[in-house]
1. With the requirement that a residue be open to solvent by less than 40 Å² (accessible area, probe 1.4 Å), in a helix (DSSP H, G or I) and under 19 Å from Leu151 (Cα atoms), what does the stretch 163-188 give you?
2. Could you list, in sequence order, the residues of the stretch 121-141 that are open to solvent by 10 Å² or more (accessible area, probe 1.4 Å) and of a type outside the set (A, V, I, L, M)?
3. Residues in the stretch 53-87 that are closer than 17 Å to Asp102 by Cα and either in contact with a Leu (Cβ under 9 Å, 6 or more places away or on another chain) or open to solvent by 20 Å² or more (accessible area, probe 1.4 Å) (or both): how many?
4. I'm told Glu92 meets every condition in (1) part of a loop (DSSP other than H, G, I, E, B); (2) free of Cβ contacts under 8 Å to residues at least 60 places away in the same chain; (3) acidic (Asp, Glu) except one. Can you identify the failing condition by its number?
5. Among the candidates Arg223, Arg182, Arg147, Arg206, single out the residue that is at pLDDT 95 or above and either out of contact with any helix residue (DSSP H, G or I) (no Cβ under 9 Å at 6 or more places or on another chain) or within 18 Å of Ala97 (Cβ to Cβ) (or both).
6. Return the residue satisfying two criteria in turn: it lies in the stretch 39-52 and is at pLDDT 70 or above and either β-branched (Val, Ile, Thr) or farther than 18 Å from Arg73 by Cβ (or both), and of such residues it is most open to solvent (accessible area, probe 1.4 Å).
7. Mind telling me which of the residues Arg207, Arg194 ends up being among the charged types (D, E, K, R), in a helix (DSSP H, G or I) and farther than 16 Å from Gly85 by Cβ?
8. Evaluate the stretch 114-133: report whether one residue or more is in contact (Cβ under 8 Å) with a residue 12 or more places away in the chain, touching a Lys or Arg at 6+ places or on another chain (Cβ under 8 Å) and not in a helix (DSSP H, G or I).
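The values are calculated or read from the model by the stated rules, or taken from the named source; none is laboratory data. It should be emphasised that the depicted structure is a prediction, and the values quoted were computed from it without experimental measurement. Reconstructed Cβ throughout: ideal geometry from the backbone, glycine too, with neighbour counts over all protein chains shown. Surface accessibility is based on the protein's heavy atoms, side chains included, excluding ligands, DNA and RNA. Shrake-Rupley method; radii C 1.70, N 1.55, O 1.52, S 1.80 Å.
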Amino acid sequence: GHLNLAQRWRIVLAALRARRAANRRQPAGEPAPPALSESLIASLEPPTGPLAEASWALASAAQPDWLNQHALRTWAWAQALGVIGDLSFDREPLFAACAFHDIGLAPIAATPADHCFALRGARHAARVLRPHGDAVAVRRVADAIARHIDLAVLPSDGVEAHLLHSGAAVDVMGRGLNRLPRPYRDAVLRHHPRLGMKSLLCQCLRREAAAAPGTRMGLYARRLGFVELIERAPFAE
């Protein structure tokens, strides 16, 4: 059968704990890789509240698998950066924002085509999540999605928005990847393969820039070489 999300993450957690145990048994004279803290490993477990569960059910059903895997990796990177940075954040809105952050690239939220895809995604997430969470949490999800392609999102702009932006930057461009312990990176990439994401995402973003040249992505793609940055990201695919 197919593993559900919680089962998949339990496998990831077990693999990370095994790697952590192996690190402690490193032979004398052989340098040990960066340590994995229990808080970092535990941070991977997805939330189980109604907002998180509804967000994954709705987003994963509407997106292709490569976008779903991107969403889960973004969650993994965002969570880890939050733990490493000792930031206080609400896990359910962060998970929901990660799940939905690129839904504007999927057919379910593809119109109006001349609007920013991040804003389309934010509107879609706010609409479908309204019955599943309180208004403040849903607004934080939508705000994080709308802002995730800004050039910078600070913790003072909202910690969940900051972590979504940072996690997506790791997965799209490799920015901040070196802050994460290699065993953790390897486990996440092994359990959530990239499935040719660089090529597929670049195709989507070129279409977005052509259809909506006045948006942020239109500017980034035409003037700032954003698509080329994605192509040069330090991931083998």
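1. Hits for the stretch 163-188 are Leu163, Leu164, His165, Ser166, Gly167, Ala168, Ala169, Val170, Asp171, Val172, Leu177.
2. Within the stretch 121-141, Arg123, His124, Arg127, Arg130, Pro131, His132, Gly133, Asp134, Arg139, Arg140 meet the criteria.
3. Here the count works out to 23.
4. That leaves (1) as the condition not met.
5. Only one candidate qualifies: Arg147.
6. If we take residues in the stretch 39-52 being at pLDDT 70 or above and either β-branched (Val, Ile, Thr) or farther than 18 Å from Arg73 by Cβ (or both), then Thr48 is most open to solvent (accessible area, probe 1.4 Å).
7. It is Arg207.
8. yes
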